[in-house]
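The values are calculated or read from the model by the stated rules, or taken from the named source; none is laboratory data. This is a predicted model, so every value here is computed, not measured. Cβ atoms come from the backbone with ideal geometry, glycine included; neighbour counts cover every protein chain shown.
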Amino acid sequence: MTEEAGIAIGDGIATITLDNPPVNALGAGLRGALMTALGAALHDPGVQVIVLTAAGRTWPAGADIREFGRSPGAPSLPELCQAVAGSAKPVIAALHGMVLGGGLELALAARVRLAEPGTELGLPEVTLGILPGAGGTQRLPRLIGAKRALGLMLSGLPIGAARAEELGLVDAVTEGGSAAAAERLARAYLAGEAELPEVEEQRRRVDPRAWLLAVAAARSGLGDPQLPAPGRIIDCVEAALLLPEDEGFAFERAAFEDLVATSEAAALRHAFLAERRAAKQPDLAHVKPREIHNVGVVGGGLMGAGIATALLGAGCSVTLVERDGEALAAGLARVATHHERAVAKGRLSPEAREAEWARLAGATGLAALAGSDLVIEAAYEDEAVKAGIFAELDRVARPGAILATNTSYLDVNRIAAATARPGDVIGLHFFLPVQAMRLVEVVVGAETAPDVIASAFALARRIGKVAVRAGVCDGFIGNRILTAYRTAADFLLEDGASPYEIDRAMVAWGFPAGPYQVLDMAGLDISWARRRRLAATRDPARRYVAIGDRLCEAGRLGRKAGKGYYLYPERAWQGVEDPDVLALIAAEREARGIVAREVTAAEIQDRVLAAMANEGARILEEGIAARPSDIDLVMLLGYGFPRWRGGPMLAADQAGLLALRKRLVDYAREEEAFWRPAALWEELIKNGRKFADLND
Ligand code: 3H9
């Protein structure tokens, strides 16, 4: 890593070029180098204007996230921004790429901002549970008004260069490179042919009434947020108006220090880094992925059509295969509907839709996939059905084609064994709805070839998904932990909690919906079928809660049936609590001789987390997942685990491994097989380590 700020001086202009690949993050090294270069420019009597620019693909995309939680080296980013803002010589910032977070704050400290077309600017700190802590909450509202500044800071979303110019966030969008434009402007200024905007001018423009109204509106729009950052951002914007300037900066600094130390901010940083880490596969570093252009998708249901749409969007040619003309027409219609919605929302132009549609073909036999580079099977979740498809694919697919199954539970090795080329077979577990869910579990079989795994990762990235590698077991990473979650919840249900209490406890903990609400939405018959499939191999000594089976037997199959754990009068979206379900549960308890006991929300939350983290520890021990952060990522992206809690393994770290293991030992007295703590707990505790220490 270079971490340089090179300086070139000529004709009264000092050009400082920041260089810290890949995204010019403003880590301590780069900050120090920039401070030194700035000092040199200020000291040099020949320099009258300073141009600040960045090498590589982007202007700084922010502070260095990896430094948070550690003591930052000097100079701090606020000090650096103050030095730029206080510069006796005008500083022109030449922006390109992603101008984010601390990077935008550095630009805000400059006197002038020029951007290239394609530049994006934003303050995404709120997504990391923090706030712009290098002057952003103070300078941005003065520049573009409190309402718009709050909009940017509370959403965390970037805006394009043209919009930034409209708002006054950049002074001009210039063709032909922003650095060259900055140099032209500097020369014109030195020749007396151009003026530069005055910072004092911005202060005079402030309308205190509009400012306070914007603050009040933002505060009332907050509702009851689970995270503190948005409220603190609003406080800082208010302080920017009400306090003297230096006190406003100090106020912001103190709020930043508070937030960056919270467990929520630590969890959100963990989630950000986990996403990037998941792509790192050391054993594949030198493996070349296979080329993928033509893809066959077997099955045109919700899943198959969603996958086909994603592939078309990434430029692939797709052949959708169904068993007959009617099913094929329905599958193609689903893709068309996805396209229509994307056009209506402005995410796809009508021309792009035409181009994508032209790359889509339909067929009713697998023979049409003879030329495919990759086939993704998304047929009915049944091993015999899938094995039959793979045996036929083995006959028709060209040598070297990748054969992927979208199974969510089944044994990928057994499916691969239906072919004579198990090295080409892999699992690609997508999630519904495919357009919205960013996760793909890449399930690697015992014989899957390295370049097939590398191809899966490359394809996931191409279609905008995050790939997480998993080994073969029942349910891989996500569904296996989900099963543990539901089992813990079912034990509590039988012991005395109502499904409604359990759902409320998990929603209060941060999940968007509780386990029984989710079951109702998905349809109870899906998990019922799976339980029946596994019934023959179930250990009769293990505790088995049959309440879900009883509901299915009573025709309560979930929302689609108008009743499940909840009642859905006239197919309402939100269910209502149903005394009949409570009676059914009470009868089941009685039949088993269980006397209902009091269960608190805290106990529900504790047990569910302990069960998930313990299953995660087993998954690590068995090598199904390579790192704890991969497990966390699967649960965050695929299962609604609250991002600000970082996933079950980070949440376990934060709760304390010793305390959690003790709980598991206590619970194991009730049901040994399910609750017995994995050996990994003890190993970590003995060595004073956490799950997070296993990530790198
Ligand atoms: C902040 O600025 C706080 C201040 O207000 C106050 C301070 C006092 N730091 O995502 P990619 C790494 S908070 C460290 O794969 P892309 C990333 O880990 C910050 N590292 O590329 C990866 O590393 P590796 C506000 C960072 O093209 C590599 O760069 N800023 C940072 O898909 C490539 O990243 C943000 O929140 C960072 N800030 O997307 C922006 N950013 O190669 C966060 C990236 O080892 N960054 N890395 O795997 C992003 O949103 C995306 O990275 C970006 C590029 C859109 C820039």
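Condition check ((1) touching a helix residue (DSSP H, G or I) at 6+ places or on another chain (Cβ under 9 Å); (2) surrounded by 13 or more Cβ atoms within 10 Å (Cβ to Cβ)) across all residues:
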residue: Arg532; (1), (2): yes, no
residue: Ala536; (1), (2): no, no
residue: Ile547; (1), (2): yes, yes
residue: Leu551; (1), (2): yes, yes
residue: Lys563; (1), (2): yes, yes
residue: Val581; (1), (2): yes, yes
residue: Ile594; (1), (2): yes, yes
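Taking the criterion of being surrounded by fewer than 22 Cβ atoms within 10 Å (Cβ to Cβ) and either within 13 Å of the ligand (Cβ to nearest atom) or free of Cβ contacts under 8 Å to residues at least 24 places away in the same chain (or both), the residues of segment 269-295 that qualify are Arg269, Phe272, Leu273, Glu275, Arg276, Arg277, Ala279, Lys280, Gln281, Pro282, Ala285, His286. Between Arg204, Arg148, the distinction of being surrounded by 15 or more Cβ atoms within 10 Å (Cβ to Cβ), within 23 Å of Ala85 (Cα to Cα) and free of Cβ contacts under 8 Å to residues at least 60 places away in the same chain belongs to Arg148 only. For segment 144-167, which positions are under 16 Å from Val206 (Cα atoms) and within 16 Å of the ligand (Cβ to nearest atom)? Of everything in segment 144-167, those that are under 16 Å from Val206 (Cα atoms) and within 16 Å of the ligand (Cβ to nearest atom) turn out to be Ala149, Leu150. One residue alone among Ala55, Ala74, Ala41 is surrounded by 20 or more Cβ atoms within 10 Å (Cβ to Cβ) and assigned by TED's automatic domain parsing to the domain that holds Leu196, and that residue is Ala41. Condition check for Val599 on (1) at pLDDT 95 or above; (2) more than 30 Å from Ala279 (Cα to Cα); (3) in a helix (DSSP H, G or I): one failure, at (3).
As a summary of the residue check, Asp666 satisfies the conditions (1) touching a residue at least 12 places away in the same chain (Cβ under 8 Å); (2) more than 23 Å from the chain's Cα centre (by Cα) except for the one numbered (1).
Of the residues making up segment 14-36, those that are more than 30 Å from Ala266 (Cα to Cα) and surrounded by fewer than 22 Cβ atoms within 10 Å (Cβ to Cβ) are Thr17, Thr36.
Scanning segment 562-586 for residues that are assigned to a helix (DSSP H, G or I) and free of Cβ contacts under 8 Å to residues at least 24 places away in the same chain yields a count of 7.
Suppose we keep only residues that are more than 17 Å from Phe251 (Cβ to Cβ) and assigned to a helix (DSSP H, G or I) within segment 216-239. Which one would you say is nearest to the chain's Cα centre (by Cα)? This residue is Gly221. Quick check, is Gly423 assigned by TED's automatic domain parsing to the domain that holds Ala458, surrounded by fewer than 21 Cβ atoms within 10 Å (Cβ to Cβ) and over 16 Å from Cys316 (Cα atoms)? When the stated conditions are applied, Gly423 passes them. Within segment 244-282, the set of residues being acidic (Asp, Glu) and closer than 21 Å to Ala458 by Cα comprises Glu275 only. Cβ-Cβ distances below 9 Å connect no pair with a first residue in segment 430-452 that is on the phi > 0 side of the Ramachandran plot, a second residue that is of a type in the set (A, V, I, L, M), and a separation of six or more residues or different chains.
If you check Gly315, Gly346 for being more than 16 Å from the ligand (Cβ to nearest atom), at pLDDT below 95 and closer than 29 Å to Ala61 by Cα, only one passes: Gly346. Select from segment 75-102 the residues that are within 17 Å of Gly135 (Cα to Cα) and in a loop (DSSP other than H, G, I, E, B) and write down the one among them that is nearest to the ligand (Cβ to nearest atom). Filtering segment 75-102 for residues that are within 17 Å of Gly135 (Cα to Cα) and in a loop (DSSP other than H, G, I, E, B), the one nearest to the ligand (Cβ to nearest atom) comes out as Gly101. Residues being away from the ligand (no atom under 12 Å from the Cβ) and either touching a Lys or Arg at 6+ places or on another chain (Cβ under 7 Å) or not small (Gly, Ala, Ser) (or both) are entirely absent from segment 130-137. Just one of the numbered conditions (1) part of a helix (DSSP H, G or I); (2) more than 26 Å from the chain's Cα centre (by Cα); (3) near the ligand (Cβ under 8 Å from one of its atoms); (4) not charged (D, E, K, R) is not true of Pro72: (1). Can you pull out every residue in segment 103-124 that is farther than 21 Å from Leu196 by Cβ and either outside the structural domain of Ala164 (by TED's automatic domain parsing) or more than 12 Å from the ligand (Cβ to nearest atom) (or both)? Hits for segment 103-124 are Pro117, Gly118. Among the residues of segment 33-69, those identified as over 24 Å from Pro117 (Cα atoms), within 16 Å of the ligand (Cβ to nearest atom) and outside any loop (DSSP other than H, G, I, E, B) are Leu34, Met35, Ile65, Arg66, Glu67.
Answer yes or no as to whether Arg461 is out of contact with any helix residue (DSSP H, G or I) (no Cβ under 7 Å at 6 or more places or on another chain) and either touching a residue at least 24 places away in the same chain (Cβ under 8 Å) or at negative phi (or both). Against the criterion (out of contact with any helix residue (DSSP H, G or I) (no Cβ under 7 Å at 6 or more places or on another chain) and either touching a residue at least 24 places away in the same chain (Cβ under 8 Å) or at negative phi (or both)), Arg461 qualifies. Listed by first and then second residue, the pairs with beta-carbon distance under 8 Å, at least 6 apart or on different chains, first residue in segment 382-408 and more than 18 Å from Gly304 (Cβ to Cβ), second in a strand (DSSP E or B), are Asp394/Leu403. Screening the candidates Ala470, Ala416, Ala404 for the property of being surrounded by 24 or more Cβ atoms within 10 Å (Cβ to Cβ), hydrophobic (A, V, I, L, M, F, W, C) and closer than 13 Å to Ile376 by Cβ yields one hit, Ala404.
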